[in-house]
Amino acid sequence: MNSLKKYLLNSDGHFGKFGGRYVPELLIPIMEELQKAFLQAKKDSSFKKDLLNLYHNYSGRPTPLYFCENLTRKIGGAKIYLKNEGLNHTGAHKINHCLGQALLAKRMGKKRLIAETGAGQHGLATATVAAKFGLKCRVYMGARDVERQRPNVFWMEQLGAEVIPVKEGGQILRDAINAALRDLISNPEDTHYLLGTVCGPHPYPVINTYFQKIVGEEVKKQLGALPDYLVACVGGGSNAMGLFYNFLDDKKVQMLAVEAGGKGIKKEKGKFTHAARFQAGEVGVVEGFKSYFLQNSEGQIEETFSISAGLDYSGVGPQLAYLHDIGRVEFTYAVDDEVMAAYKLLAKTEGIFAALESAHAVAGAIKLAKNLPKNKTIVMNCSGRGDKDLFIVTKKLGDENFANFLKKQA
């Protein structure tokens, strides 16, 4: 294949045996309308100009590529650079595709945005762009995630969004996706479903890869040379594709994607204690696309577990499934204890609080750097900042002072 970059933005939405559009007949015209609008928009110079203006003057791009000098010295191996997507407006990379899709929604004459969210960063970014563009907004969120990510729920509501706790199934991200799809079927005319990662039926994986590729484009300019390794966490895969995409045709650059290892790659009482699809998953068709999923013997999607609300999705983007199978991206995992250790080490050496999702990438980069010589270079994607994880982290660390403060406030 001449160009992986070109192939992974193809117009038919298939990547080897992965991807596709497996949706109810009622959704097909909606997906076709979206695909047509996207293909026209990305050829339109005024659309691209508007998007870049929003990136630079609203979101705050370019985000810094920061050399972690203290962390590198502490580890004693390869040089570690951090792409700080947490410094975007709303605190994560999610604003990249939300701005792009909001522009598309306006172009199509939509009046309402709906979205799913796990960690809340995508929901927050959706609520933000809805306020910016004067659109109604409803965000579906698993009831478990609502409790875990209450600060983001508060901010979404302040922005005017209606947050719907989803109480079906495992009450996590996959259940929120199903609820959003049902809403779209019921409201096809005025609603755009702003799907939050590189999953879902075609054209969503292609659309969100296109809007996220700005991350790797900036890294290539900022570093001024090719890195030896790229490292990103991977749930659905938007931040990983954002970092990896622009380097896919550079064969010298190796890529490592870090999944949620949770309590370890095992089962307890018949349930997965992790969300590592490439360690224990199988190929299936779920929620409109073909990829790797954590399933039971009957093909039903299993519940997952992670300290991170954004990485506990049972599936993964089809482009990443393809990159896994052809060996272009290596997939590993970090367990929760490793993630917390990485979270604390980055904070204490560099003064940066990573989101728990991103701390998986930090853990992967630390482990990698230890085994590499000092002349090698690693770029890791810190896809979000850790403000949103305040309650998870304080509980995990057993911070009695903060717990007492909360009791007094209540």
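The values are calculated or read from the model by the stated rules, or taken from the named source; none is laboratory data. Keep in mind that what you see is a predicted model, and the values were worked out from it rather than measured. We place every Cβ from the backbone using ideal geometry, glycine too, and count neighbours over all the protein chains shown.
Inspect all residues belonging to the range 2-19 and state whether any of them is within 27 Å of residue 225 (Cβ to Cβ), charged (D, E, K, R) and in a helix (DSSP H, G or I).
yes
Between a first residue in the range 81-101 that is touching a residue at least 12 places away in the same chain (Cβ under 8 Å) and a second residue that is surrounded by fewer than 24 Cβ atoms within 10 Å (Cβ to Cβ) and among the basic types (Lys, Arg), which pairs have beta carbons less than 8 Å apart while being 6 or more apart in sequence or on different chains?
Here the result reads 86/385; 87/385; 88/61; 91/385; 92/385, each pair linking the range 81-101 to a residue that is surrounded by fewer than 24 Cβ atoms within 10 Å (Cβ to Cβ) and among the basic types (Lys, Arg).
For the range 342-359, what are the residues that are farther than 21 Å from residue 237 by Cβ, in contact with a strand residue (DSSP E or B) (Cβ under 8 Å, 6 or more places away or on another chain) and not in a helix (DSSP H, G or I)?
If the condition is that a residue be farther than 21 Å from residue 237 by Cβ, in contact with a strand residue (DSSP E or B) (Cβ under 8 Å, 6 or more places away or on another chain) and not in a helix (DSSP H, G or I), then 352, 353 are the ones that fit.
Considering only residues of the range 370-410 that are without any contact (Cβ under 8 Å) to a residue 24 or more places away in the chain and among the aliphatic types (A, V, I, L, M), which is surrounded by the fewest Cβ atoms within 10 Å (Cβ to Cβ)?
410
With (1) farther than 20 Å from residue 5 by Cβ; (2) at pLDDT 95 or above as the list, and residue 286 as the residue in question, which single condition is left unmet?
It is condition (2) that residue 286 fails.
Of all residues in the range 174-192, which are of a type in the set (D, E, K, R) and at pLDDT 95 or above?
Result: 183, 190.
For the range 370-398, name all the residues that are under 16 Å from residue 71 (Cβ atoms) and either of a type in the set (S, T, N, Q) or in a helix (DSSP H, G or I) (or both).
Matches in the range 370-398: 370, 371, 377, 381, 386.
Looking at (1) surrounded by fewer than 17 Cβ atoms within 10 Å (Cβ to Cβ); (2) among the basic types (Lys, Arg); (3) more than 30 Å from residue 54 (Cβ to Cβ), can you tell me which one residue 290 breaks?
(1)
Testing residue 217 on (1) surrounded by 23 or more Cβ atoms within 10 Å (Cβ to Cβ); (2) more than 22 Å from residue 16 (Cα to Cα); (3) in contact with a helix residue (DSSP H, G or I) (Cβ under 6 Å, 6 or more places away or on another chain), one condition comes back false. Which one is that?
Evaluating residue 217 over (1) surrounded by 23 or more Cβ atoms within 10 Å (Cβ to Cβ); (2) more than 22 Å from residue 16 (Cα to Cα); (3) in contact with a helix residue (DSSP H, G or I) (Cβ under 6 Å, 6 or more places away or on another chain) leaves (1) as the failure.
Considering only residues that are farther than 18 Å from residue 329 by Cα and touching a Phe, Trp or Tyr at 6+ places or on another chain (Cβ under 6 Å), which ones fall in the range 259-273?
Selection gives 262, 273.
Can we say residue 194 is crowded, with 24+ Cβ neighbours inside 10 Å, over 30 Å from residue 81 (Cβ atoms) and touching a residue at least 24 places away in the same chain (Cβ under 8 Å)?
The answer is yes for residue 194.
Which residue out of 362, 339 is assigned to a helix (DSSP H, G or I) and farther than 18 Å from residue 242 by Cα?
Result of the check over 362, 339: 339.
Within the set of pairs 6+ apart or on separate chains, which have a first residue in the range 222-235 that is closer than 7 Å to residue 378 by Cβ and crowded, with 18+ Cβ neighbours inside 10 Å, a second that is of a type in the set (Gly, Ala, Ser) and modelled with pLDDT of 95 or more, and C-beta atoms under 6 Å apart?
Close Cβ pairs (under 6 Å, with a partner that is of a type in the set (Gly, Ala, Ser) and modelled with pLDDT of 95 or more) amount to 231/361; 231/364; 231/365.
Quick one: residue 318 ticks every box in (1) touching a Pro at 6+ places or on another chain (Cβ under 8 Å); (2) more than 17 Å from residue 235 (Cα to Cα) bar one, so which box is it?
(2)
Taking residue 283 and the conditions (1) in contact with a Leu (Cβ under 7 Å, 6 or more places away or on another chain); (2) hydrophobic (A, V, I, L, M, F, W, C); (3) in a strand (DSSP E or B), which numbered condition does it fall short on, given that it satisfies the others?
Only one criterion in (1) in contact with a Leu (Cβ under 7 Å, 6 or more places away or on another chain); (2) hydrophobic (A, V, I, L, M, F, W, C); (3) in a strand (DSSP E or B) is unmet by residue 283, namely (1).
More than 24 Å from residue 291 (Cα to Cα), touching a Gly at 6+ places or on another chain (Cβ under 9 Å) and at pLDDT 95 or above: which single residue out of 37, 41 fits that description?
Only one candidate qualifies: 41.
Sort through 406, 345 and tell me the only one that's of a type in the set (A, V, I, L, M) and out of contact with any Phe, Trp or Tyr (no Cβ under 9 Å at 6 or more places or on another chain).
345
Within the range 236-264, track down each residue that is touching a residue at least 40 places away in the same chain (Cβ under 8 Å), touching a helix residue (DSSP H, G or I) at 6+ places or on another chain (Cβ under 6 Å) and surrounded by fewer than 24 Cβ atoms within 10 Å (Cβ to Cβ).
245, 246, 248, 249, 255, 256
Cβ-Cβ distance below 8 Å, separation of 6 or more or different chains: which pairs start in the range 298-311 with a residue that is of a type in the set (Asp, Glu) and part of a loop (DSSP other than H, G, I, E, B) and end on one that is modelled with pLDDT under 90 and crowded, with 18+ Cβ neighbours inside 10 Å?
The qualifying pairs are 303/170; 303/172.
Go through the range 133-190 and give me each residue that's among the polar types (S, T, N, Q), assigned to a helix (DSSP H, G or I) and surrounded by 15 or more Cβ atoms within 10 Å (Cβ to Cβ).
Answer for the range 133-190, where residues must be among the polar types (S, T, N, Q), assigned to a helix (DSSP H, G or I) and surrounded by 15 or more Cβ atoms within 10 Å (Cβ to Cβ): 152, 178.
Can you pull out every residue in the range 217-256 that is among the aromatic types (Phe, Trp, Tyr) and closer than 14 Å to residue 4 by Cβ?
244, 245, 247 - these are the residues of the range 217-256 that are among the aromatic types (Phe, Trp, Tyr) and closer than 14 Å to residue 4 by Cβ.
Of all residues being of a type in the set (Ser, Thr, Tyr) and under 30 Å from residue 298 (Cα atoms) in the range 233-285, which is nearest to the chain's Cα centre (by Cα)? Just the residue, please.
Going through the qualifying residues, I end up with 238.
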